[in-house]
Amino acid sequence: MPYSETMMLPRLRSDLDVSRSAVADRPGLLIRDCFRYSDATLIIPPLLVPGLQCFDGKRTEVELQAELTRSSGSPEIGSAAGQMVEALSTAGFLEDETYAKLKQTRLSAFAQSPVREAAQAGSAYPAEIEPLRREIEGYMQGAASTQVGLMGIAAPHVSPHGGWQSYQAAYKELTPDLRNRTFMVLGTSHYGQPNKFGLTRKPFETPFGRTSIDLALVDELASQPATLMEDYCHAVEHSIEFQVVFLQAIYGPDVCIVPILCGSFGRSVHSGGVPEDDREVQQFFSRLGEIAGREKDRLFWVLGVDMAHMGARYGDRFAAHAGQDQMAVVSKRDKLRIERIMASDARGFWDLVKENRHDDLKWCGSSPIYTFMKAVPQARATLLHYEQWNIDESSVVSFAGMSFAV
């Protein structure tokens, strides 16, 4: 909608993905919609960036124009205020009617779809079945597992080409006898509500085909107050999708899964407590643990987790380089946490996550890991492979391949 110069400008959405532009001849801030309500991508030039603070629901276009003029020293730049408002609104990046309509359209489409469609096909991995099959086969070359009593694995959720060695280390543990298991896939919910667990009854569809869903187990978990049923976050989340692709490559398209997105436990990090201080979270842990004990002979656990996120992309004031300088220290700290996982010490693991009431390593896999450790406390982990990867020239993600046995 058009805005008059005296109307309060709508707020800029707080859930947008904002990063530095990587386009050499177009510097500035790159803005995308991680929820994919909008397909637009905008690059805000440096001279217009100061104007973004005016989209707080309290200022007008006149004030935006004044801020751009002041910060740039140019009335000509200030005159771009109207175009800036129009561009952000048209893209669906402001909390206005355009955004509301885009959001409702996407939510309705997900609700009405019989499947959870592949969100990453054609970007993070090939959208055609044969190229995808060749790619996964290339990642999976190597010796097969000899481990006894295997009941779960942890693999990354970075793009497969970036973390293929850790994916390989984890998925090479899977043996043919697991084909008919139900795979309990715990993934990080990057966009979901804290202290909530996102579920869906929709089968996942990838270029390999369509999974099946263990609806009885999904329905049992859906009765818990900490769950969000048919959570839209599934539509855009990659942490489970990548695990599904590897499982389908190994066992066929109709592999049976229970997809569970684990929201952040950041509240307990900041409070100095533990996630189960929230009564509803505790109830979910208990029910998941009951299922794990009752159904243990027909379940297999898969965790889609990354570890540290360091460098410029993630708000640090240094350029991160895998294995070097600060990242060598990060490796040591990562492995202290991994040691607590290997010792089945959930409390010790969480104590390290919440050090100083701030997870400065920014582990985005801590929620699924902790959920698994509380549900299956007898599981013993083995570290198969640990690595760090420069996701860009100044930012690093760490991750690992791990296995769990009893």
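The values are calculated or read from the model by the stated rules, or taken from the named source; none is laboratory data. All values derive from a computational prediction rather than experimental measurement. Cβ placement follows ideal geometry from the backbone for every residue including glycine, while neighbour counts extend to all protein chains displayed. Just so you know, the surface numbers come from the protein's heavy atoms only, side chains and all, with ligands and any DNA or RNA stripped out. Shrake-Rupley method; radii C 1.70, N 1.55, O 1.52, S 1.80 Å.
Things to note:
- Cα coordinate range in region 152-196, projected on the principal axes (Å, largest first): 36, 27, 11
- Computed on the Cα atoms alone, the convex hull of region 53-188 gives a volume of 209 cubic angstrom per residue.
- The slack in the chain from Met8 to Arg133, taken as 0.36 nm per residue of separation less the alpha-carbon distance, amounts to 39.7 nm.
- Here region 264-406 has 47 percent of its accessible surface on carbon and sulfur atoms, given a 1.4 Å probe and all protein chains in place.
- Pairs beyond 31 Å (Cα-Cα), from Lys202/Lys332; Lys172/Lys374; Lys58/Lys354; Lys58/Lys103; Lys101/Lys354: Lys202/Lys332; Lys58/Lys354; Lys101/Lys354
- By accessible area, using a 1.4 Å probe on protein heavy atoms only, region 138-262 has 51% of its surface on carbon and sulfur.
- Relative contact order, percent, the chain [alpha-carbon distance under 8 Å, six or more residues apart]: 17 percent
- Share of carbon and sulfur in the accessible heavy-atom surface of region 1-117 [1.4 Å probe, %]: 54 percent
- Full-stretch length increase - Ser113, Val18 - with 0.36 nm per residue and alpha-carbon distance subtracted: 31.3 nm
- Accessible area of region 1-58 divided out per residue, in Å², using a probe of 1.4 angstrom: 58 Å²
- Ranking Ile338, Gly57, Tyr171 by how far each Cα lies toward the positive end of the dipole of the chain (charges on Cβ) leaves Ile338 at the top.
- Pairwise Cα separations in region 1-123 fall into 10 Å bins from 0 onward with the following percentages, short to long: 13, 39, 32, 12, 4, 0.
- A full extension of the chain between Asp25 and Glu76 corresponds to an added length of 16.2 nm, given 0.36 nm per residue minus the alpha carbon distance.
- Equivalent ellipsoid semi-axes - Cα gyration tensor, region 188-248, angstrom: 20, 15, 8
- Each residue of region 265-406 gets 102 Å³ once the volume of the Cα convex hull is shared out per residue.
- Estimated distance in nm for a label pair at Gln147 and Asp219, the labels positioned 7 Å out from Cα along Cα-to-Cβ: 3.3 nm
- Over the chain, the Kirkwood radius and the radius of gyration, each from Cα atoms, give a ratio Rg/Rh of 1.00.
- For the listed peptides 377-387, 232-242, 18-28, a ranking on the average number of other beta carbons within 10 Å per residue, highest first, reads 232-242, 377-387, 18-28.
- Note that region 146-212 presents 34 Å² accessible area per residue, ligands and nucleic acids not counted, probe 1.4 Å.
- Computed on region 259-325, the Cα convex hull volume stands at 152 Å³ per residue.
- Cα centroid separation - region 330-381 against region 92-141, whole Å: 30 Å
- Pairwise inverse Cα distances across region 328-406, averaged and inverted, put the Kirkwood hydrodynamic radius at 13.2 Å.
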